[in-house]
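J.: Pasting a structure below so you can have a look.
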């Protein structure tokens with residue numbers, strides 16, 4: 001005979017499950033009904049200054065990429081992964097041969113041999129050659145300050161051996177887009193007080209343990225000292241310099257260092273939870289902020305457009321591990337949007353074509 005579970009026991013079992021679901025399982029459906037104005041394309045043509053296009057650059061792949069860009073009103077992508085030397089030349093030549101007005105390429109820095117006393121001079125000379133070969137800027141990855149090593153240990157961001165490179169970028173009038181460190185919570189205890197707890201659980205490799213890395217403040221402080229040391233060089237501090245959760249401090253730093261610009265790649269979730277203050281901040285620093293996305297996923301760009309362009313309330317973000325909260329629109333003025341989307345990039349990145357942008 002089959003056992004019959006009494007209705008009261010079944011109800012208790014269901015109730016018990018409701019009390020034991022995990023944070024990952026808890027995904028409530030909002031009952032809030034408010035006006036919604038989702039965006040599929042940007043209001044104005046835009047430059048993505050933080051581009052990492054995926055896949056091999058075959059003619060077919062680039063043709064498809066252009067279609068995706070057109071659909072969202074992306075006029076120009078900055079490919080930050082141009083490398084250096086012959087590889088840089090190959091990437092530039094390919095971009096120019098098919099869609100010369102739609103892509104620009106940044107070169108990268110090779111830290112091999114940094115112990116050699118002549119390394120800085122050679123690296124600066126290579127940067128000069130890369131720019132001559134078509135690079136529109138220099139991209140520095142987060143390995144500097146974290147994982148780049150010499151014979152004595154970690155190479156700090158403000159290591160004086162790199163000074164000739166920063167000085168050469170200033171001389172050539174090209175921007176340096178630099179990613180330093182990671183969000184500060186990656187250094188904090190992975191406990192119930194950590195806003196990035198879910199991300200660290202899903203991506204445990206992002207935890208920054210003290211036995212391998214110095215404190216977050218140390219690495220970020222090195223970056224800021226380097227900015228101050230090279231006032232004639234234009235720096236684009238990636239990811240709002242990881243100060244998206246403290247725009248007041250970011251503004252103070254930008255006031256102190258007029259050579260520092262910034263971009264919004266991968267930090268939209270920070271902006272969408274503080275719409276009133278973020279709107280004021282964008283208006284104040286409208287000449288210093290550029291549009292960037294980082295990971296190239298076409299389906300994610302509309303969230304950026306909605307946060308930046310609309311006054312919508314309480315809508316989903318696209319990646320829960322970055323934001324378990326909801327988004328709100330900043331409703332930025334058109335002139336601020338134009339500067340964010342393309343005017344600031346056209347001003348500071350050489351090689352960008354103005355064709356296709358509103359005059």
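Throughout, read-outs are computed from the coordinates displayed, never taken from laboratory work. These numbers come from a predicted model, not from an experiment. Cβ: placed from backbone, ideal geometry, glycine included. Neighbour counts: every protein chain shown.
J.: For the chain, find the longest principal axis of its Cα atoms and tell me its angle to the long axis of helix 247-256, 0 to 90°, nearest 10.
T.: Helix 247-256 sits roughly 10 degrees off the main axis of the chain.
J.: Further question on the same structure: Using the basic label-point model (7 angstrom from Cα toward the beta carbon), what is the residue 193 to residue 31 distance in nanometres?
T.: 3.5
J.: Show me 25-36, 68-79 ranked by packing, highest mean number of other Cβ atoms within 10 Å first.
T.: Output ranking for 25-36, 68-79: 68-79, 25-36.
J.: A further question follows. Report for segment 31-348 the percent antiparallel among DSSP-assigned beta bridges with both residues inside it, nearest 5.
T.: Antiparallel bridges make up about 10 percent of those DSSP assigns within segment 31-348.
J.: How would you classify segment 207-336 from its alpha-carbon gyration tensor, with a ≥ b ≥ c the square roots of the eigenvalues: rounded for a/c under 1.5, else prolate if a/b is greater than b/c, otherwise oblate?
T.: oblate
J.: On to the next question. Below 8 Å, C-alpha to C-alpha, sequence gap of six or more: please give me the relative contact order for the chain in percent.
T.: Working: 574 pairs, mean separation 68.9, N = 359.
Here the relative contact order equals 19 percent.
J.: Here is a further query. For the chain, what is the Kirkwood hydrodynamic radius in Å, using each pair of distinct C-alpha atoms?
T.: Values: mean 1/r = 0.0451 Å⁻¹.
Taking the inverse mean of 1/r over all distinct Cα pairs, the chain comes out at 22.2 Å.
J.: Kindly provide log₁₀ I(q)/I(0) values, in the same order as q = 0.18, 0.19 Å⁻¹, from the Debye equation applied to equal alpha-carbon scatterers of segment 44-196.
T.: -1.07, -1.13
J.: Hey, another quick one. For segment 57-136, what is the Kirkwood hydrodynamic radius in Å, using each pair of distinct C-alpha atoms?
T.: Values: mean 1/r = 0.0728 Å⁻¹.
Hydrodynamic radius (Kirkwood, Cα only) of segment 57-136 equals 13.7 Å.
J.: Separate question: Name the shape class, rounded, prolate or oblate, that the alpha-carbon gyration tensor gives for segment 226-269, where a ≥ b ≥ c are the square roots of its eigenvalues, rounded holds for a/c under 1.5, and otherwise prolate holds if a/b is larger than b/c and oblate otherwise.
T.: Verdict is oblate for segment 226-269.
J.: With an 8 Å Cα cut-off and a minimum separation of 6 or more residues, compute the relative contact order for segment 133-271 in percent.
T.: Relative contact order here is 25 percent.
J.: Can I ask one more? Rounded, prolate or oblate for segment 187-253? Axes are the square roots of the Cα gyration tensor eigenvalues, ordered a ≥ b ≥ c, and the cut-off for rounded is a/c under 1.5.
T.: prolate
J.: Using helices alone, I'd like the mean residue ellipticity at 222 nm for the chain: each DSSP H run of four-plus residues gives -39500 (n - 2.57), total over residue count, nearest 500.
T.: -10500 deg cm²/dmol
J.: For residue 297 and residue 87 in the same chain, what is the full-extension length gain: residue separation times 0.36 nm, less their Cα-Cα distance, in nm?
T.: Going from the current span to full extension adds 73.1 nm.
J.: Determine, for each peptide in 333-345, 113-125, the mean count of other beta carbons within 10 angstrom over its residues, then list the peptides with the highest first. Before the final figure, lay out each step's value.
T.: On the way: 333-345: 20.5, 113-125: 14.7.
Listed from highest to lowest mean packing, they are 333-345, 113-125.
J.: Take every Cα pair under 8 Å in segment 185-256 that's 6+ residues apart, average their separations, divide by the length, and report that relative contact order as a whole percent.
T.: 18
J.: Quick check: the angle from helix 163-172's long axis to the longest principal axis of the chain, C-alpha only, nearest 10 degrees?
T.: 80
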